[in-house]
1. Just to be sure, is residue 68 surrounded by 14 or more Cβ atoms within 10 Å (Cβ to Cβ), touching a helix residue (DSSP H, G or I) at 6+ places or on another chain (Cβ under 9 Å), without any contact (Cβ under 8 Å) to a residue 60 or more places away in the chain and within 18 Å of residue 20 (Cβ to Cβ)?
2. Given the options 127, 106, name the one that is touching a residue at least 60 places away in the same chain (Cβ under 8 Å) and more than 18 Å from residue 42 (Cβ to Cβ).
3. Just the residues that are within 22 Å of residue 176 (Cα to Cα) and either surrounded by 15 or more Cβ atoms within 10 Å (Cβ to Cβ) or at pLDDT below 95 (or both), please, taken from region 74-91.
4. Tell me, which strands (runs of 3 or more DSSP E) lie completely within region 74-163 with 2 or more residues that are on the phi > 0 side of the Ramachandran plot?
5. Collect the residues in region 1-41 that are more than 20 Å from residue 114 (Cβ to Cβ), outside any helix (DSSP H, G or I) and modelled with pLDDT of 85 or more, keeping them in residue-number order.
6. For region 42-70, which positions are touching a strand residue (DSSP E or B) at 6+ places or on another chain (Cβ under 8 Å), part of a loop (DSSP other than H, G, I, E, B) and farther than 22 Å from residue 140 by Cα?
7. Assess whether residue 34 counts as being under 27 Å from residue 166 (Cβ atoms), in contact with a strand residue (DSSP E or B) (Cβ under 8 Å, 6 or more places away or on another chain) and surrounded by fewer than 18 Cβ atoms within 10 Å (Cβ to Cβ).
8. Test residue 171 against the stated conditions and say whether it is in contact with a strand residue (DSSP E or B) (Cβ under 9 Å, 6 or more places away or on another chain), under 16 Å from residue 44 (Cα atoms) and surrounded by 13 or more Cβ atoms within 10 Å (Cβ to Cβ).
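The values are calculated or read from the model by the stated rules, or taken from the named source; none is laboratory data. Because the structure is a prediction, the values reported are computed rather than measured. FYI the Cβ positions are ideal-geometry reconstructions off the backbone, even for glycines, and counts take in every protein chain you see.
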């Protein structure tokens, strides 16, 4: 029941989140193009080029699974701001890991903040999650600074956690706890 709720559209102010399983063929292709963009790929744990077939299988798995959900976020003008996700969803313990990346083809100056605000609303206000976690490659100073400004606290370091470009890289674990928690 709760997972079915996560598969719907969400709106916050002037932004709409559309679940990946409800995207048009063109939107799915656009998201795959972004995911394959070198500026996005360099910070993701899996940095390989995603084929159309692999992307299609990924979205099919989202339809059947109950631990991960992804949304394309658009503003009221129809401009695509980026992608948000909740992963490793645990309804019993009311927590999840988040994912976020902005549209590399349309640099809206507030896109990151808008994406994260919508994701927090979904997680904390609608589903009453207690905590959100994230893992970010330790060299991604820009993202770490953004998350700190957004209220996330560094909780740990995962040594040599990601193997990319022929070398091991550390990941930083960050988290945020819902205000007014119970």
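1. Numbers: surrounded by 14 or more Cβ atoms within 10 Å (Cβ to Cβ): yes; touching a helix residue (DSSP H, G or I) at 6+ places or on another chain (Cβ under 9 Å): yes; without any contact (Cβ under 8 Å) to a residue 60 or more places away in the chain: yes; within 18 Å of residue 20 (Cβ to Cβ): yes.
So residue 68 passes the test.
2. Of the residues listed, the single one that is touching a residue at least 60 places away in the same chain (Cβ under 8 Å) and more than 18 Å from residue 42 (Cβ to Cβ) is 127.
3. Quick first cut of region 74-91, residues within 22 Å of residue 176 (Cα to Cα) only: 82-91.
Scanning region 74-91 gives 82, 83, 84, 85, 86, 87, 89, 91.
4. On the way: elements: 80-90, 95-102, 131-137.
The qualifying strands (runs of 3 or more DSSP E) are 80-90.
5. If the condition is that a residue be more than 20 Å from residue 114 (Cβ to Cβ), outside any helix (DSSP H, G or I) and modelled with pLDDT of 85 or more, then 24, 36 are the ones that fit.
6. 66, 67, 68
7. Working: under 27 Å from residue 166 (Cβ atoms): yes; in contact with a strand residue (DSSP E or B) (Cβ under 8 Å, 6 or more places away or on another chain): yes; surrounded by fewer than 18 Cβ atoms within 10 Å (Cβ to Cβ): no.
Here the answer is no, as residue 34 does not meet what is asked.
8. Working: in contact with a strand residue (DSSP E or B) (Cβ under 9 Å, 6 or more places away or on another chain): yes; under 16 Å from residue 44 (Cα atoms): yes; surrounded by 13 or more Cβ atoms within 10 Å (Cβ to Cβ): yes.
The answer is yes for residue 171.
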